[in-house]
Structures are given as structure tokens and as C-alpha cells.
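Structure record follows, encoded as C-alpha cells.
The values are calculated or read from the model by the stated rules, or taken from the named source; none is laboratory data. These figures come from a predicted structure and were not determined experimentally. Here Cβ is always computed from backbone atoms with ideal geometry, including for glycine, and neighbour counts include all displayed protein chains. We work out accessible area using only protein heavy atoms, side chains counted, and drop any ligands, DNA or RNA first. Shrake-Rupley method; radii C 1.70, N 1.55, O 1.52, S 1.80 Å.
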Amino acid sequence: MTREIKIHNNLTRKKETFQTIEAGKVKFYSCGPTTYDFLHIGNARAFVVGDLFNRVLKAFGYDVTFVRNFTDVDDKIIARAKEVNQDAIKFADHWVTEVQKDMESLGMRPATHTPKVSETMPEIIQMIQDIIKNGSGYVVDGEVLFNVPTMPDYGKLSKKDIDGLQSGIRVEVDAHKKHPTDFVLWKPAKEGEASWDSPWGKGRPGWHIECSAMAKKFLGNTLDLHHGGIDLMFPHHENEIAQSEAANKCGFCNYWAHNEFLNFGTEKMSKSLGNVITIRKFVEAYGGQVLRHVLLSVHYRARLEWTDEVLQRAMDEVKRIHEFVIETKRYKANGSGPIDPEIEKCIEKMMEELSNDFNSAGALGQYFTFLRYTKNAKDNLSEASLKQIHKTNEFMRETLGFVNIDPESVMAEFKKQEQNTSNSDVDAAWIEGLIEERKVAKASKNWARADEIRKELMAKKIELKDNPDGSSTWKILGL
Ligand SMILES: [Zn+2]
């Protein structure tokens, strides 16, 4: 049995009851990252939201096949790899590993399939051939383009129409194009660039086609649910729809969900973050549990403004939850009565919130109501109530991922941070000493020690910046 869930479907711009193609099964695709650097915490929102959908659908009894791709073939990757004189695929692969570490640190469960573009070339080429065969693709000088006007309902997701789009495009666009809105499916590679053999010569795919090909490979022609950041709705998702529907001659996806941005404010950048902060740096300083909490403590469709208060509140709440979970392990049952109805209803209330378009913020609110009640009732708990409390904590861990499997480690991390901040009338001489030691370590290629020093400083909220001349400067990340 599966529980009914409502999803705000961006195809219709309405909240609808989720009906899957096959009863009890969900075919779910979420657009993954392009891997050429550490990811910014702004990117983390989409991944954590995809993880939430996957967890909640599973908790509601669905058999979910969840695909999240890695874009490892891309112009930016090729350019960056060239700068450091590395093979582009190997370079991208290194970053796939790093991004996976970040995802784990955010408590993300693995997807069912995590395909890479470099491993999907036969399917990509096949799909482009199908698009050409069906009259929506054309070849000009080794380049394959998608002819947008062949899809009369193009724009149905982003609610844009072809005429409106056309008038927004200047005439100097690619002279190859039959229509200004046409987009690239395959492009010829320049000499020395990563390339694959194709019926149109050596080249590589345009960006959009990979998701259409990967979705088809692992989920079939029609998906139940597709998710991504709101910035991907146009043109990326619109183009995915056009490609898949042209190639497969049937509807591509029934429900589309998009998460809003994480904003850092226009002028007043949060002091604690500096200009740009990677997931890695944030997790080193505050722990992954805190970032996950920030990102899911508001509904995915609401804009999230990053402020120092938001961060502080997340830290407080993560602490309260984990203190409570540890405390409940010590609770002793008092008698064999029935389950206290106030305690019993929490899971059901959380389910109600989550079944309302994955309302993680509402579910969190319900949990805190339960937490307050339970703390007051702790001396009067029946055996059955106590069991239910543990079950509720487990449900919280399964669905929102807000309870760490090892709550003691989260509290130990907080304790360490507190000690560090209380000692944080920083000793500049000590920092300079470590910077000097790190310089020596780097000169003798002792990367492990150099990295250790950077982490040691980060633990005290001191961030190092390496300058091109080999020197390093530091700054304190305030709370
Ligand atoms: Zn995509």
C-alpha cells in the first residue's frame, strides 16, 4: 500500500494528486551536477531536495527508481582540464569522487543509478539519430541541431511561446540554424579536445541531450517525476521534453517539480560565509547536518534567504534534536498503559505535512511539538509510548534525515566548535607559525600535513587563502 501524495506540478502550475504510471512504482529523474570544482552551497539545495523526494516516496511505500546524473563532458570541464594539463574525463572523474563525498556528508542516500555522460554515448547518439529520423533534427557541417518549430507545444513547461522567444533573440545567432530557437544536439570537437566517433564525425553532445538519453536508458520513455533547480526549467528542461518527445513519440514526464534558489542577499552577504563558500568548507566548519537542516527547514518551493540568523537557528535546532534523541535513550518506562495519544499522532502529522507537496518545514514543526510534549511527559511514559518515541525519531531520520545515525558524534562536533570559538581570541603568531609550517610541508610535497594544517585552522574558523606568489593570507569566519 502506498500513501497518497500531492505534488505541485509545474506542467500545470497546480498541486495535483500524484498518480504513477505503474501502481506503487516511481520513475524519478533529478538533474545532477557538472563536475569540475567543489560545489557551492547554493548547488546543495537541489541535491538535498532530490534526496528528500526519494526518501519520502520510499517512506510512503513506493518502489522508487531514482536517477541522478553526473555531467562529466562539458565545455567548462574541457577548459579547466586544459589549464591543468589533464585529460578531461579523468579530471571530471576526480571531481565526481569529490562531489560524492560532499553528498554523503549531507546525509544523502545513494540514487539507484548515477550515470555519467562519458558512459552514455551510444544511447545519446542513438537518440539523436531517432530525432533526425523523426524530422526534428538536422545536420550542418558535423553539427546536429534540434529544430524547435517541429514541436508545436514547445514551451509548455516554462510557459514561453516560440514567437516570443524568437523576438528575444538577435539575428547574429548561429548562421547554421534554421530557426533562432534551435539548439545543439551534437557539436564537432576541436583538434585535441575530448571527442567521440559519431555518424556526423568526431564530436560531443550538447548539454541537454544527456538527460533525455539517461532518463530513457534507466527509466523508459515516460517518467513519473522529474526534478531540478528552478534555473533549469528553461531552456534545459524544456529542451529535454522536446528531445524526448521527438525521439520517443510519447509524453516525456507527467510531473515536474523545481526547487527555488538559495539567495545570499544582494548587498549584505552573510558575514559568516564570505563571498563564495563550498559545501566542503561549510561542512568542515559547521558539519553536514547543519547545512542539510538549513536547506530543508523551509519548503522547497520557497526562496531561502541566507542570513546569519538562519544559520544560527539551524545550529540551535540540530542541537536540540540530537540532545533530545540522546536523552530519550535514557528514558525509563513507567507502567504498561496504552500509547499517549499526543505522542502517537506525531508520525501521522508529519506524514500529512510531507504528503502535502513534501512540506519538510511543516513536518519539522510537528516534530518540535512532539519534542516539547515528550520532554514534559518523560516521567510518565508507558512502555508503548516509549517505543513510539523511538519510532518517531527513526521516522525523522528516514524521511528528513534530520537525525544522525550517530547523534553522539553530532553533539561532540558541537562541543568541539564551542571550545574553538571560546578560544577564538586568535593568536596570530600561532596562525602564522602554522602557515609557515604548511609552506614547508608543501615545498617537500607533504600534502597530507599541508591539508591537515588547513583543516586544523578551519576547525577554529580560520580560512586560508593561497596567493599566486606562494604566500597565504587568513581570515576568521565569524558566526
Ligand atoms: Zn537535466
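In this structure, is Val26 outside any strand (DSSP E or B), open to solvent by less than 20 Å² (accessible area, probe 1.4 Å) and either of a type outside the set (Val, Ile, Thr) or away from the ligand (no atom under 16 Å from the Cβ) (or both)? Steps first, answer last, please.
Details: outside any strand (DSSP E or B): no; open to solvent by less than 20 Å² (accessible area, probe 1.4 Å): yes; either of a type outside the set (Val, Ile, Thr) or away from the ligand (no atom under 16 Å from the Cβ) (or both): yes.
No.
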Practice task
Show the residue pairs that are 6+ apart or on different chains and have beta-carbon atoms under 7 Å apart, the first residue being within the range 193-211 and in contact (Cβ under 8 Å) with a residue 24 or more places away in the chain and over 23 Å from Glu83 (Cα atoms), the second being within 12 Å of the ligand (Cβ to nearest atom) and part of a loop (DSSP other than H, G, I, E, B).
Solution key: Glu210/Asn69; Cys211/Cys31; Cys211/Asn69
Handout entry: Count of residues meeting criterion [part of a strand (DSSP E or B), among the polar types (S, T, N, Q) and more than 30 Å from Gly61 (Cβ to Cβ)] in the range 29-46
Key = 1
Problem - Count of the range 145-162 residues which are without any contact (Cβ under 8 Å) to a residue 60 or more places away in the chain and not in a loop (DSSP other than H, G, I, E, B) - result: 3
Exercise for the section: Write out, first by first residue and then by second, each pair whose Cβ atoms fall under 6 Å of each other, whose residues are 6+ apart or on separate chains, and whose first residue, in the range 217-243, is free of Cβ contacts under 8 Å to residues at least 40 places away in the same chain while the second is away from the ligand (no atom under 13 Å from the Cβ). Expected result: Asn221/Asn248; Asn221/Cys250; Ile230/Glu260
Handout entry: Every residue from the range 420-479 that is modelled with pLDDT under 75 and acidic (Asp, Glu)
Key = Asp425, Asp427
Exercise for the section: Kindly indicate which of Ala215, Ala194, Ala247 is assigned to a helix (DSSP H, G or I), surrounded by 18 or more Cβ atoms within 10 Å (Cβ to Cβ), in the same structural domain as Ser158 (by TED's automatic domain parsing) and away from the ligand (no atom under 13 Å from the Cβ). Expected result: Ala247
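Does Val56 meet the test of being assigned to a strand (DSSP E or B), among the β-branched types (Val, Ile, Thr) and more than 14 Å from the ligand (Cβ to nearest atom)?
Judged against the criteria, Val56 is not a match.
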Practice task
Can you tell me which residue among Asp469, Asp451 is free of Cβ contacts under 8 Å to residues at least 24 places away in the same chain and assigned to a helix (DSSP H, G or I)?
Solution key: Asp451
Completion exercise
Glu383 fails exactly one of (1) in contact with an Asp or Glu (Cβ under 9 Å, 6 or more places away or on another chain); (2) over 17 Å from Leu296 (Cβ atoms), namely (1)
Practice task
Please tell me if Lys6 is surrounded by 14 or more Cβ atoms within 10 Å (Cβ to Cβ), more than 16 Å from the ligand (Cβ to nearest atom) and of a type in the set (D, E, K, R).
Solution key: yes
Problem - Hits in the range 138-156 - residues which are farther than 29 Å from Lys190 by Cβ and within 32 Å of the chain's Cα centre (by Cα) - result: Met151, Asp153, Tyr154, Gly155, Lys156
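Let's see how each residue does on (1) within 16 Å of the ligand (Cβ to nearest atom); (2) modelled with pLDDT of 95 or more; (3) assigned to a loop (DSSP other than H, G, I, E, B); (4) not assigned by TED's automatic domain parsing to the domain that holds Lys461:
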| site | (1), (2), (3), (4) |
| --- | --- |
| His176 | no, no, yes, yes |
| Gly228 | yes, yes, no, yes |
| Asp231 | yes, no, no, yes |
| Ala242 | yes, yes, no, yes |
Exercise for the section: Consider only pairs whose beta carbons are under 6 Å apart and that are at least six residues apart or on different chains; among these, list those whose first residue lies in the range 428-442 and is free of Cβ contacts under 8 Å to residues at least 40 places away in the same chain and within 12 Å of Gly470 (Cβ to Cβ) and whose second residue is surrounded by 12 or more Cβ atoms within 10 Å (Cβ to Cβ) and of a type in the set (A, V, I, L, M). Expected result: Arg438/Ala450; Arg438/Ile453; Lys442/Ala450
Practice task
Please go through the range 250-263 and pick out each residue that is away from the ligand (no atom under 12 Å from the Cβ) and either surrounded by fewer than 19 Cβ atoms within 10 Å (Cβ to Cβ) or over 21 Å from the mean Cα position of the chain (by Cα) (or both).
Solution key: Cys250, Gly251, Asn254, Glu260, Phe261, Asn263
Exercise for the section: Consider Arg280 carefully, then state whether it is farther than 26 Å from Leu381 by Cβ, assigned to a loop (DSSP other than H, G, I, E, B) and either modelled with pLDDT under 95 or open to solvent by 10 Å² or more (accessible area, probe 1.4 Å) (or both). Expected result: no
Handout entry: Counted residues, the range 289-319 - those being exposed (fewer than 14 other Cβ atoms within 10 Å of the Cβ) and under 15 Å from Arg372 (Cα atoms)
Key = 1
